[in-house]
Structure formats: structure tokens, C-alpha cells
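Enquirer: Quick one: this structure, given as C-alpha cells, is what I'll be asking you about.
Just so it is clear, none of the values below were taken in a lab; they were calculated from the coordinates. Since the model is a prediction, treat every value here as computed from it, not as a measurement. Cβ: placed from backbone, ideal geometry, glycine included. Neighbour counts: every protein chain shown.
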Amino acid sequence: MTTRPRTRVPESAPNTAPNSARVALSRISLGKVFRAESTNYLLLLGTTLFLVVFGLVMVLSSSSVDSYLENAGFFGGIFRQGIFAMIGIPLMLVISRLPVRFWKRIAWPALLVACFFQCLVVFTPLGVTVAGNTNWLDIAGVQFQPSEAIKVALVIWLGVILAQKKDKLDDWRHVYIPVFGVGGGSVMLVMIGGDLGTVIIMAGILFGAMFFAGVRLRMLALPLVVGVVLGGLLAISSENRRTRLLSFAVDSCDTVTGPISAACWQPLHGTWALANGGIFGVGLGNSKAKWSWLPAADNDYIFAIIGEELGLIGAIVVLLMFVLLAFAFIRILRGTSSMQIKVTTSAVMVWIIGQALVNIGVVLGVLPVLGVPLPLISAGGTALLTTLAAIGVVLSFARSDHEDRQETPAPVEAVAQTSPRPAPRRGSTR
């Protein structure tokens with residue numbers, strides 16, 4: 001009986017396999033970090049960044065005169081807006097890396113905290129009233145709008161709640177009690193402050209989320225009627241809002257005889273700014289309306305400055321970018337099977353696209369003056385931060401869906417069909 005001589009193994013040999021395994025794992029980890037994102041992710045991100053950069057340019061142009069008159073220099077307005085953009089864009093990218101389960105855990109705490117700050121606005125002296133609306137909170141000299149934070153928390157919360165109730169949406173108790181009990185309560189807090197424009201957008205978020213969740217239209221009829229009645233009462237409860245609505249519905253601001261009334265001043269000068277732009281515009285920075293003729297030129301009426309300086313072509317480009325943004329939202333919600341992702345994405349879409357349509361409708365004279373900014377473009381730090389945060393949530397959904405599809409193994413049948421058949425052994429009878 002012969003025995004084979006044993007070969008001496010080098011001392012470094014036992015660590016060779018673990019080292020190679022570590023290298024392979026590190027390559028896999030780096031591959032996950034630098035893996036290309038989905039088309040939906042890139043489309044939504046690219047459109048958002050374009051609108052933000054375009055908005056910074058238009059804020060610089062439209063706010064330079066008012067900023068100079070406020071002793072902040074010609075670049076005071078763009079400096080403030082630029083700071084919020086530099087904070088909001090990285091915040092959006094960080095939020096886009098969070099998993100879906102994170103939003104399930106944070107939904108309730110986020111909504112409760114946002115409503116708490118809104119209670120400070122309407123029930124304490126910390127609330128600040130601007131143009132008849134008590135919608136600002138002043139803490140240590142810093143002013144912000146908790147109602148904008150409620151929007152973000154509300155879209156996340158609606159996705160979680162309606163996903164839990166997806167098998168019970170035919171029962172009115174499982175729809176009315178959570179959605180209109182909790183979600184409607186948050187809208188009521190903003191309604192107490194008197195901000196009609198924000199209330200309309202938030203109501204649209206509630207109804208849009210329920211519609212895309214599959215709630216029957218007949219169940220939405222009664223809450224819609226109640227909402228219209230409450231909105232009408234809110235509109236006539238303030239002299240400022242009542243004057244604006246009556247000037248739109250009864251008094252014609254198009255026919256000017258004598259001095260221009262205060263209610264018609266802003267709509268008229270917004271219309272004149274659009275008309276002055278023509279097809280190609282008067283050129284970037286050459287607006288006449290921004291020279292103290294048009295109030296809120298860098299905020300609610302920034303679309304009028306866009307139409308004046310960039311003309312009809314510039315206005316159409318802005319409209320097309322919001323259409324492209326809506327298309328990206330629709331692709332994400334149609335490409336997912338998760339009820340939570342579908343509801344939250346649709347709610348964010350109704351919020352941003354609906355608010356853009358309301359703002360543009362006000363400038364065009366189709367709607368009365370409601371005081372809502374143009375998302376991602378108008379000046380306003382709180383609105384920009386919260387809008388970017390909401391888009392970051394949708395980006396996290398697009399990224400999670402893309403990773404799930406890449407990590408899903410192929411079906412066994414497909415693997416069996418594509419794998420090569422082994423060669424028969426010698427002597428086998430096949």
C-alpha cells in the first residue's frame with residue numbers, strides 16, 4: 001500500500017479564499033452604490049433640477065428691483081432663494097436614498113409634528129398674519145409655513161393609511177373616518193388660519209389620493225359638497241378674500257374707466273405684462289412690470305414676468321416642463337404594484353401639478369387671486385424645501401422599485417429553458 005506524500009501548504013494559503021471573497025463582496029457593494037438608476041428616476045430628477053435652476057434665474061430677474069428698494073441690494077432675493085435651493089437639492093437626494101419602510105414608520109409622527117406647529121400658528125401669538133392669512137410661524141426671528149410641512153406629511157400618511165385599508169375601501173367607515181377625520185383635521189387647522197389657496201391644494205391632495213387608491217366616485221360626492229360649502233364660508237369670512245372674489249365674479253377688471261381699484265390692480269398688471277411680452281418677449285431682465293407695478297412679481301405672479309421677458313415661447317416651455325413632470329409621476333405610479341407608492345406618488349402629483357395650474361390660471365385671469373406660488377419656480381424658501389422633499393420621497397419609490405426588479409430572480413422555467421443541456425455520457429442510449 002503506497003501513500004502519497006503530503007504537500008506542504010503555505011501559511012498564506014488559508015487566507016486566500018477569504019481575501020478573494022472580500023474583494024468580490026466589495027465589488028458587489030460598489031456595484032450597488034454606483035448602479036445606474038431607472039429611467040423614471042432620471043426623468044423626474046432632471047425635470048425637477050431644470051425647473052429649480054430656471055426658477056433661480058427668474059427670481060433673480062423679478063426680485064432685483066424690490067430687493068434693491070428694501071436695501072438688500074439687487075441680489076438679495078436670489079441670495080435667499082439660492083440658499084434654500086442649496087439646502088433643498090441635497091436634501092432631496094438624501095431622501096431619495098431612504099427605503100420604503102422608513103416612510104411607514106415616520107408617517108404618523110411627521111403628521112402629528114407638522115400639525116403641532118400649525119396649532120402654534122393659529123392658537124398662539126407666534127402666528128404671523130400676512131395679507132389677511134395667518135399662515136406663518138415666527139420662532140426666534142425665523143419665519144416659515146407649517147402648512148407646507150403638513151402637505152409633505154399628509155401625502156406620506158395617506159399612502160400608508162390607504163395601503164392598510166386597500167381591501168376595505170368599499171366601506172365608507174374605513175375611508176371617511178381616517179381620511180377625513182385625521183387628514184381633514186389637518187386641513188381644518190390651515191382653514192382656521194384663513195389661507196384659502198393652501199386649503200384648496202390640500203383638499204385636492206385628499207381627493208386625489210382617494211381617487212387613485214380606487215375609492216368609488218359616489219363615496220366622494222358627499223365630502224366634495226361639504227368641502228365646497230366650507231370653502232365658500234371661508235372665502236366670505238374675510239373682507240380681503242371677499243373683495244378679490246367679487247372683483248373676479250361681478251366687477252370686470254378688463255374694463256378700466258378711471259382709477260384702478262386695489263382688487264383689480266394685480267390682475268390687470270399681470271395681464272398687461274403677459275401682453276407686453278408678445279411671442280418672443282422683451283428679453284431676460286427687461287421687464288417693466290417688476291419696477292413696482294406688479295405686486296408679488298417674484299412669487300405669486302412670477303409667471304407674468306416669465307411671459308413678459310421670455311414671451312409666449314418661454315411660457316409654453318414652462319407648461320411643457322410641468323407636463324413632463326406629470327408624465328414622470330404617471331410612469332412611476334403605473335409601474336408599481338404597491339398601493340402605498342401609488343397613493344403617495346399620485347398625491348404629490350396632484351399637489352405640484354394642481355398648484356401649478358392654479359397659479360397659472362390666476363395669472364391668466366381664469367381664476368380669482370388665491371395666493372399660491374408656482375412650484376419650484378416662485379420665490380419662497382419653505383415652499384421650495386417642502387416641494388423638493390416631496391419629490392425626494394417619490395424618487396425613493398422609483399429607486400426602490402427599480403432595485404426590486406433588478407434583484408428579483410428569474411423564474412425557474414426560464415432558467416431551465418435558457419440553460420444548456422448537458423452532453424450525454426459515453427455509452428448512454430438516448
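Enquirer: Which length gain, in nm to one decimal place, applies between SER261 and GLN164 when the Cα-Cα distance is subtracted from 0.36 nm times their residue separation?
Expert: 29.7 nm
Enquirer: Rounded, prolate or oblate: which one fits the range 127-260, using the alpha carbon gyration tensor with axes a ≥ b ≥ c (rounded when a/c is under 1.5, else prolate when a/b beats b/c, else oblate)?
Expert: Values: a/c = 2.93, a/b = 1.54, b/c = 1.90.
The shape class here is oblate.
Enquirer: When we measure straight from the Cα of LYS342, which lysines land under 26 angstrom away, once same-chain ones fewer than 8 places off are left out?
Expert: Counting by Cα, and skipping residues close in sequence, LYS342 has these lysines nearby: LYS32, LYS104, LYS151, LYS165, LYS166, LYS168.
Enquirer: How would you order 272-283, 132-143 from highest to lowest mean count of nearby Cβ atoms within 10 Å?
Expert: 272-283, 132-143
Enquirer: From the phi of every residue in the range 58-72, what ³J(HN,Hα) in whole Hz does the Karplus formula 6.51 cos²θ - 1.76 cosθ + 1.60 yield, where θ is phi - 60° and glycine or proline is x?
Expert: Result, ordered by residue: 6, 5, 4, 6, 7, 9, 4, 5, 4, 5, 5, 5, 8, 6, 10 Hz.
Enquirer: I've got another one for you. Taking amide hydrogens as modeled 1.01 Å from N in the peptide plane, which residues meet the under 5 Å criterion relative to GLN143, leaving out close sequence neighbours?
Expert: For GLN143, no residues qualify.
Enquirer: Under a 5 Å amide H to amide H cut-off, with H placed in plane at 1.01 Å, what residues pair with VAL128 once short-range neighbours are removed?
Expert: Excluding prolines and chain starts, which carry no amide H, the hits are ASN135, TRP136, LEU137, ASP138.
Enquirer: If packing is taken as the average count of other Cβ atoms within 10 Å, what order do 173-186, 194-207 fall into, highest mean first?
Expert: Numbers: 173-186: 16.6, 194-207: 22.5.
Most protected by this proxy first, the peptides run 194-207, 173-186.
Enquirer: Using θ = phi - 60° and the Karplus form 6.51 cos²θ - 1.76 cosθ + 1.60, what ³J(HN,Hα) does each residue of the range 357-374 get, whole Hz, x for Gly and Pro?
Expert: In residue order, the calculated couplings are 5, 5, 4, 5, x, 5, 5, 6, x, 7, 10, x, 5, 10, x, 10, x, 7 Hz.
Enquirer: While we're here: At what distance in nm do the modelled label points of TRP291 and VAL225 sit from each other, each positioned 7 Å from its Cα along Cα→Cβ?
Expert: Once both label points are built, they end up 5.5 nm from each other.
Enquirer: Next question. Between ILE316 and TRP172, what is the label-to-label distance in nm when each label sits 7 Å out along the Cα-to-Cβ direction?
Expert: Roughly 4.8 nm, to one decimal.
Enquirer: I would also like to ask the following. Expressed in nm to one decimal, what extension gain is obtained for the pair CYS119 and VAL366 from 0.36 nm per residue of sequence separation less their Cα-Cα distance?
Expert: Details: separation 247, 0.36 × 247 = 88.92 nm, distance 3.33 nm.
Gain on extension, CYS119 to VAL366, equals 85.6 nm.
Enquirer: On to the next question. Ranking request for peptides 347-355, 101-109: highest mean number of other beta-carbon atoms within 10 Å first, then the rest in descending order.
Expert: Highest mean packing first, the order is 347-355, 101-109.
Enquirer: Residue by residue through the range 382-390, which ³J(HN,Hα) values in whole Hz follow from phi under the Karplus form 6.51 cos²θ - 1.76 cosθ + 1.60 (θ = phi - 60°), with glycine and proline marked x?
Expert: 4, 5, 5, 5, 5, 5, 5, 5, 5
Enquirer: Return the FRET efficiency for the residue pair ARG216, MET188: r is the Cβ-Cβ distance, R0 is 30 Å, and the value is rounded to the nearest 0.05.
Expert: 0.75
Enquirer: Right, something else. Please work out whether the range 57-162 counts as rounded, prolate or oblate from its C-alpha gyration tensor, where a ≥ b ≥ c are the square roots of the eigenvalues and a/c under 1.5 means rounded, while otherwise a/b larger than b/c means prolate and anything else oblate?
Expert: Since a/c reaches 1.5 but b/c is at least a/b, the shape of the range 57-162 is classed as oblate.
Enquirer: Which length gain, in nm to one decimal place, applies between LEU98 and LEU324 when the Cα-Cα distance is subtracted from 0.36 nm times their residue separation?
Expert: Length gained, LEU98 through LEU324: 78.9 nm.
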